[in-house]
1. Based on other C-beta atoms within 10 Å, arrange 114, 88, 82 from fewest to most.
2. In nanometres, what is the gap between the two model label sites at residue 47 and residue 91, each 7 Å from Cα along Cα-to-Cβ?
3. Sort 131, 40, 79, 96 so that the residue with the fewest other Cβ atoms within 10 Å of its own Cβ comes first and the one with the most comes last.
């Protein structure tokens, strides 16, 4: 069965998705369309400020951010969310970014990972270097929005 999406506005606020009609308010239709279009990005960082910065950079550019402040929280959120991309720090409480990357690649190898972290190449042991090599992209903090967007767009 081929999926179809049709939105009528002005005359009648109707959303047709796979042959089913749903009547919605004028404000609900744009929000539903944004949710359909957006890629879900799991942002994982122990610093709440960095999570907010990532959200400010990503959401206006068509990404829906799902935030977690540790690898443990991120894994819990992944049980009931569809994730298109992960952006993670390496230095976090409860579970390091290295351990989180290893877990993701073992359990969800199809999800691309971008590391955004400071001191990426400083005093790493072999296991940590192996974890970093599993990532699809690496960005050193501090970073610019354009650098982040140019790096992750090809991954989604």
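Derivation of every value follows stated rules applied to the coordinates shown; laboratory data play no part. Everything numeric here is computed off the predicted structure, so don't read it as measured data. In this analysis, Cβ positions are derived from the backbone assuming ideal geometry, glycine residues included, and neighbour counts consider all displayed protein chains.
1. By the 10 Å Cβ count, ascending, the order reads 82, 114, 88.
2. Going by the 7 Å Cα→Cβ label model, 0.8 nm.
3. Working: 131 22, 40 16, 79 6, 96 19.
Least to most surrounded, the residues fall as 79, 40, 96, 131.
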